[in-house]
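Below is one structure, written out as structure tokens; comments come after it.
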Amino acid sequence: MGLSGATTTSFAHIPNNTKPQWWKDSGLRRNVLHCAGVCLCPFYLGYDQSLLAGLQAIPGWQTYFGRPTGTYLGIIAASIFLPALIVAFVADYLCTAFGRKKIIYVGSLLIVIGGVFNALSQSGGQFMGARVIIGTGGAITKVAAPALLQEIAHPRYRGTIGTLYYSFYYFGSLTAASMCIAGLYIKSEWTWRLPCMIQIVGPFFVMALLITAPESPRWLAKKGRHEEARAVLVKHHANGDDEDPLVEWQFGEMLSALQAEAKVGQASYMDFFKTPGNRKRLWINCLLGLASNWVGNGIITYYLAPVLRTVGITAPDVILSINVGYAAWNWMCSFIAGTNSERLGRRFLWLACNIGMAVSFGFVMALSGIFAQTGNSAVGIAVVPFLFVVHFFYDIGYITMNYSYTVEIMSPSMRTKGLALYIFFNNLGNAFNQFVNPIALAALTWKYYAVYIAIDLFIAVIVYFYFPETAKMSIEEISMILDYPLKDGRQRVLEVMEERRAAEQDELARTKDMDEEGKLEVSHIEERK
């Protein structure tokens, strides 16, 4: 387990000027540190979701904001997601024009500003306004960060690091849950203001860790800055070895993919409708955006306190303690799944995730219904471990792969556009879901879980018939896989990439021969003179 580079890949045989273990190699340690900085971008959202769940258990926050419930609570929860409906597309333009790294800084700075205003809010309107600023910055980083991560990570570790990206969401969640417990014992308005203020810690660390990080070599190459792109690979993937075979292989694959795209012309959102492969990328992307918040996770994450109250658990310290344990559990589950994603495979994790959630929600629904009928406290308490089981299955799929899978299946020039669309549908679904959940939960109570059981089973069927396996492939190879049938897509991609590399070698040899002939002709002319 861990960031092991020992898996069999299409490039496993290529020599590389790095040590097998990343922690023993200075260049790889630097690369992993930069990747960790990018992975901290979801900290703000994990912090926010656990924060709002925790604040609902803090009497001081409830009193200050008039004990929000129903529609009012739904609007507060949804306010952080609404900006992304527009901002995600602006972020795509900014990432395409100015690069990934700079835009991460812009988004992180906005999260810091929003976090400060959130902690100093004097009214419900200000509290929601601050959350809108946080959501704006978050939408920007959610487009830029996954793209930069996949494009700067060393190829041996890209698959694993990519699936670990969103697990850091739970680092934020665990921090917020712990701060809410601390806030419970503060006898002033800082009982809730302090937990709100700590939200700025994550983006501060993002900016600090990325100071020495490179810009995406794929973006540099796309802009025609080939020497700079190659220099990034030489420095960060080969410890400065300018003739490293793995660097040459990466650079060749990168240029091949860009040259293939250049024949199509300038990328636009309309390209998603032009080919069967792009249409598959589009609907899988949109499905994952909606599904990541429509499989039942939101009802537990944001509304843990109301859910626990429906089964008789009402003490603030007990609710907050469960919130801490819940966050720690989720981080552990997503981290273990992420570090094993290359070994287990994406399809297995997607299927286990959705089927497991459906079965687990069945137990939650049954136990909640029995408690509602009998009032038996033991039955109510029995619901709690099954909430943990539900999120175990959610973590191994939607936390581990939601962003990484979206980035992987996109072609280089469509990558941030795909992320923008994913985030649009993700936040559209989340905003609607978080608005509806407290209303539906109050009206239907335990019967509401049946909706999510049906959705989870439906998505499992879709995964089985349409989602390709992407483990143990380079990002350029994965970006082509949806252009071929599910059954033999992997093999077809490897064959095409091999043909491209062979054609490039032939072209280089032909160019070299022409140069040699030119030199020979010049030498004959000189001799005759």
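The values are calculated or read from the model by the stated rules, or taken from the named source; none is laboratory data. Here the structure is a predicted model, which is why all the values come from computation and not from measurement. Reconstructed Cβ throughout: ideal geometry from the backbone, glycine too, with neighbour counts over all protein chains shown. Note: accessible area is taken over every heavy atom of the protein model, side chains too, but ligands, DNA and RNA are not part of it. Shrake-Rupley method; radii C 1.70, N 1.55, O 1.52, S 1.80 Å.
For the range 26-43, give me each residue that is in a helix (DSSP H, G or I) and open to solvent by 10 Å² or more (accessible area, probe 1.4 Å). Step through it out loud before you land on a result.
Restricting attention to the range 26-43, the residues satisfying the condition of being in a helix (DSSP H, G or I) are 26-39, 43.
Selection gives Ser26, Arg29, Arg30, Val32, Leu33, Ala36.
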Scanning the range 438-467 for residues that are touching a Gly at 6+ places or on another chain (Cβ under 6 Å) and open to solvent by less than 10 Å² (accessible area, probe 1.4 Å) gives Tyr452
Considering residues that are at pLDDT 85 or above and open to solvent by 40 Å² or more (accessible area, probe 1.4 Å), the number found within the range 240-267 is 6
Which residue pairs have Cβ atoms under 6 Å apart, sit 6 or more places apart or on different chains, and have a first residue in the range 152-177 that is of a type in the set (S, T, N, Q) and a second that is outside any helix (DSSP H, G or I)?
Thr160/Leu3
Per the list (1) part of a helix (DSSP H, G or I); (2) open to solvent by 20 Å² or more (accessible area, probe 1.4 Å), residue check on Gln150 breaks on (2)
Picked from the range 66-101 (must be basic (Lys, Arg) and touching a residue at least 40 places away in the same chain (Cβ under 8 Å)), the residue nearest to Phe424 (Cα to Cα) is Arg100
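What helices (runs of 4 or more DSSP H) completely inside the range 172-239 contain at least 1 residues that are hydrophobic (A, V, I, L, M, F, W, C) and open to solvent by 50 Å² or more (accessible area, probe 1.4 Å)? So that I can check it myself, show each step before the final result.
Details: elements: 190-197, 201-209, 217-222, 226-238.
Helices (runs of 4 or more DSSP H) meeting the threshold: 190-197, 201-209, 226-238.
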When you scan the range 56-71, do you find a residue that is within 30 Å of Asn118 (Cα to Cα), modelled with pLDDT of 90 or more and among the small types (Gly, Ala, Ser), even just one?
no
Verdict on Leu3 being in a helix (DSSP H, G or I) and either in contact with a helix residue (DSSP H, G or I) (Cβ under 9 Å, 6 or more places away or on another chain) or modelled with pLDDT of 85 or more (or both)
no
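So which helices (runs of 4 or more DSSP H) are wholly in the range 323-440 and hold at least 3 residues that are within 21 Å of Gly172 (Cβ to Cβ)?
On the way: elements: 341-344, 346-374, 377-394, 400-408.
Answer list for the range 323-440: 377-394, 400-408.
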Taking the condition surrounded by fewer than 24 Cβ atoms within 10 Å (Cβ to Cβ) and among the basic types (Lys, Arg), does Lys487 pass?
yes
I'm trying to understand the selection: among the residues of the range 354-366, which are modelled with pLDDT under 90 and crowded, with 22+ Cβ neighbours inside 10 Å?
Phe361, Val364
Considering residues that are in contact with a helix residue (DSSP H, G or I) (Cβ under 8 Å, 6 or more places away or on another chain) and outside any helix (DSSP H, G or I), the number found within the range 44-70 is 7
